[in-house]
Amino acid sequence: MGLITIDEDRCRKDGFCARECPAAIIELPGGGWPRIKPGQEEGCMDCGHCVAVCPHDALRHERIPQVGSPALRDDLRIGEAQAAQFLRARRSIRHFAARPVEKGKILKLIETARYAPTGGNRQEVEWLVIDDGPRLREIGALTVAWLRKVVEDPRAVAAAPYLVPTIAAWDAGEDTVLRGAPALVVAMAPAEGTSGSVDVAIAQTYLDLYAPVLGLGTCWAGLLQGAMANAPETRAAVGIPEGYPHHFALMLGYPDVRFFRTPERKAPRITFT
Ligand SMILES: Cc1cc2nc3c(=O)[nH]c(=O)nc-3n(C[C@H](O)[C@H](O)[C@H](O)COP(=O)(O)O)c2cc1C
């Protein structure tokens, strides 16, 4: 059996599958049934567009099972106003409730984030979850140790004036690095491939956007990212393996803050050329 199978009772030979295939490996030879061009199965990137685009449910793909590819439901579509408010209302959370995040919810978040697009559909993003309080505190302390070195350079302080107060507040007992979040979710990708850093960022964006739906909040851990990029001991404490240069961590927890407005932003600078 080949990679794709056609239900000849359902297929109308409309060619949508061939037109949609990003690798151009599907053909309808002489107006016949769709098939993968001989010898070109290896070109398939398993994107599933051929399955998704068939209006007649006539195409089966060996690696894209129907059971994991639910039909789109009209009643679940969201309107423009809801989508716009949902996106604009996403906020960085810096006050978390002293309540652990259930493992089931973290798994749900990652389950959704794995549908984020990846370059060439490689799907190589992997996840680390840290929800051990003392370990999170140690990661925060290592980040501050790195920040202390950074602020020795006046140019760094000029570029990021918030760094000195961040250290002072840490010294006064405030967790200005991980904000007291009960969990840290790290997305990471191996060096191979051409889009690891973008894939990681998009996957975390999916997780970030889905979190409020589960009652959770996030904050991108940029200070920790700086420390991981420059201080191997911080990378080791987080547990980033060798060969994974692409990574970003999100703080995760139940928000202990509520917002009532969506703040204004700078006008976009747009050039149509
Ligand atoms: C890449 C990135 C890194 C960030 N790092 C931090 C951080 O280390 N600590 C923090 O409190 N906020 C961090 N933030 C949050 C930004 O400050 C925040 O997104 C911005 O102020 C806008 O606020 P909003 O997210 O609520 O819209 C980061 C955001 C991004 C996108």
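Just a few scattered comments:
- Using a probe of 1.4 angstrom and keeping all protein chains present, the accessible surface of the chain works out to 61 square angstrom per residue.
- Chain lengthening between GLU80 and ARG269 when straightened (0.36 nm per residue, less Cα-Cα): 65.7 nm
- The protection proxy used here, the mean number of other Cβ atoms lying within 10 Å of each residue, ranks peptides 220-226, 238-244 as follows, highest first: 220-226, 238-244.
- Theoretical ellipticity at 222 nm over the chain - DSSP helices of four or more residues, -39500 (n - 2.57) apiece, nearest 500: -10000 deg cm²/dmol
- For q = 0.15, 0.22, 0.27 Å⁻¹, Debye-computed log10 I/I(0) when each Cα of the range 4-68 counts as one equal scatterer: -0.39, -0.87, -1.36
- Computed log₁₀ I(q)/I(0) - Debye formula, equal Cα scatterers, no solvent, the chain, q 0.17 Å⁻¹: -1.34
- Paramagnetic reach from VAL67 in the range 5-42 [backbone N under 15 Å; point 7 Å along Cα→Cβ]: none
- Inter-label distance, nm, simple model (7 Å from Cα along the C-beta direction), LYS149/GLU102: 4.2 nm
- Taking the chain, the Cys residues with no second Cys beta-carbon under 4.7 angstrom are CYS11, CYS21, CYS44, CYS47, CYS54, CYS219.
- When each of the peptides 41-54, 180-193 is scored by the mean number of other C-beta atoms lying within 10 Å of its residues, the order from highest to lowest reads 180-193, 41-54.
- Summarising the amide proton neighbourhood of ILE26: residues at separation of 5 or more, or on other chains, whose placed amide H is nearer than 5 Å comprise LYS37.
- ALA191/ASP9 FRET efficiency (R0 51 Å; Cβ-Cβ; nearest 0.05): 0.60
- Accessible-area composition of the chain, carbon plus sulfur, in percent [1.4 Å probe]: 54 percent
The values are calculated or read from the model by the stated rules, or taken from the named source; none is laboratory data. Fair warning: this is a prediction, and the values are worked out from it, not measured in the lab. No Cβ is skipped: glycine too gets one built from the backbone with ideal geometry, and neighbour counts run over all protein chains shown. Ligands, DNA and RNA are excluded from the accessible area calculation, which covers all protein heavy atoms including side chains. Shrake-Rupley method; radii C 1.70, N 1.55, O 1.52, S 1.80 Å.
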